[in-house]
Amino acid sequence: MTTIETGVAAPVPPGRFKLKIPGLALMRMTHGLQRATLLFGLVLVAGFILVAVFAPLIAPYGFAQSMSDGVDFARQQAPSGAHWFGTSVRGEDVFSRVIFGARTALSVIAVSLVLSLIVGVPLGLVSGYLGRWVDRILVLFMDAMYAFPSLLLAIVVSIVVSGGQSSSFGGILSAAIAITVIFVPQYFRVVRNATIAVKQEPYVDAARVTGASTTRILFRHILANVTQSLPVLITLNGAEAILTLAGLGFLGFGIEPTQAAEWGFDLNKALSDVSNGIWWTGIFPGLAIVTVVLGMTLVGESLNEVLNPLLRTRRAAAAAPTEPELAATEAEIGVVAPEIAPGMPELSKEAGDA
């Protein structure tokens with residue numbers, strides 16, 4: 001019988017190719033309440049990002065719009081079909097300002113975190129690796145910044161950077177830089193301490209012996225090994241950035257309401273409404289702040305429990321079965337200890353005599 005070779009490869013059995021979903025391995029490391037907390041936080045953060053990105057499509061009006069078709073909106077109108085969250089004292093739609101406020105918050109968070117990473121991580125690498133007088137000067141400067149009250153420091157930086165400008169870009173940039181000044185010492189400390197711990201490792205010594213430059217050693221060999229805790233710090237700093245931005249807006253050092261929507265400014269303008277029974281102008285911006293901060297905090301705390309080796313060890317020790325539980329499990333599956341096993345009377349007797 002003649003065999004005909006067609007040149008067609010044999011089909012690959014199913015299951016050989018696995019779809020790699022980003023974050024799936026991390027999700028598998030969680031269980032029980034921890035997984036539920038992480039999922040709930042991710043849902044809140046994802047909803048916040050989607051609302052911020054598609055704000056012009058979701059909001060029925062502009063963030064500073066107070067009229068439609070030539071007719072002014074009623075001021076301080078209660079929630080209705082036309083205005084789901086009511087209107088403010090300026091006649092603006094509260095729902096639209098809350099939606100556009102998410103875009104402002106996301107912009108400030110993104111800019112401040114990127115700037116903090118660009119400044120804080122390299123300074124931490126240089127300080128931890130070089131040491132000596134460079135390390136002492138940088139540590140002294142960062143400690144002075146860290147000891148300064150964060151909100152007061154943000155106010156001072158915001159005044160200096162903005163210079164009286166109230167444009168949308170200028171307001172967002174000044175708020176982001178003000179928050180960056182608060183975050184840089186945190187990234188500096190984390191990266192510096194990790195760099196000090198790994199700079200004497202054999203792979204760093206090998207790179208140094210082979211003649212690698214300091215820049216190559218820092219960003220090629222050390223950087224990847226000192227950034228494990230940065231994702232946790234980024235998520236927690238995102239929540240802190242929301243609160244700092246709201247604090248700046250509440251105190252009047254944020255973004256002008258005609259240039260961008262900002263939740264802290266809306267809360268400030270809603271203070272006088274509370275005594276008059278007008279609750280909707282303050283409750284919805286406040287709920288927006290609480291929801292976003294809660295989501296980022298839950299994600300950050302869950303990531304910390306997963307990525308922190310010490311917490312993983314404690315969970316493993318806590319999950320280990322005790323001796324009574326282990327004995328009960330062995331009895332259920334039919335495991336019998338050797339000294340009481342049937343058919344071995346001599347061993348049992350010798351053990352008893354001993």
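Read the figures in this text as sums done on the coordinates, not as results from a lab. Bear in mind the structure is a predicted one, so any value in this text is a computation, not a measurement. Counting neighbours? That spans all protein chains shown, and the Cβs are built from the backbone with ideal geometry, glycine included.
Here is the tail figure for region 57-205: Cα pairs spaced more than 25 Å apart come to 51 percent of all pairs.
Could you grab the Rg to Rh ratio for region 41-97? Cα atoms only, Kirkwood for Rh. Reported Rg/Rh, Kirkwood definition of Rh: 1.07.
For region 276-292, backbone phi angles converted through the Karplus equation (6.51, -1.76, 1.60; θ = phi - 60°) give residue-by-residue couplings of 9, x, 8, 8, 6, 6, x, 6, 6, x, x, 5, 4, 5, 4, 5, 5 Hz, Gly and Pro being listed as x. Among 104-112, 296-304, the peptide with the highest mean count of other Cβ atoms within 10 Å heads the list, and the full ranking is 104-112, 296-304. Charged neighbours of residue 62, selected by a Cβ distance under 13 Å, balance to +1 (K, R count +1; D, E count -1). Pairs of alpha carbons in region 215-283 separated by more than 14 Å make up 69% of all such pairs. Per-peptide packing, taken as the mean over residues of other Cβ atoms within 10 Å, places 145-154, 204-213, 281-290, 256-265 in the sequence 256-265, 281-290, 145-154, 204-213 from highest down.
The residues packed around residue 280, meaning those with a beta-carbon under 15 Å from its beta-carbon, carry a net charge of 0 if Lys and Arg are +1 and Asp and Glu are -1.
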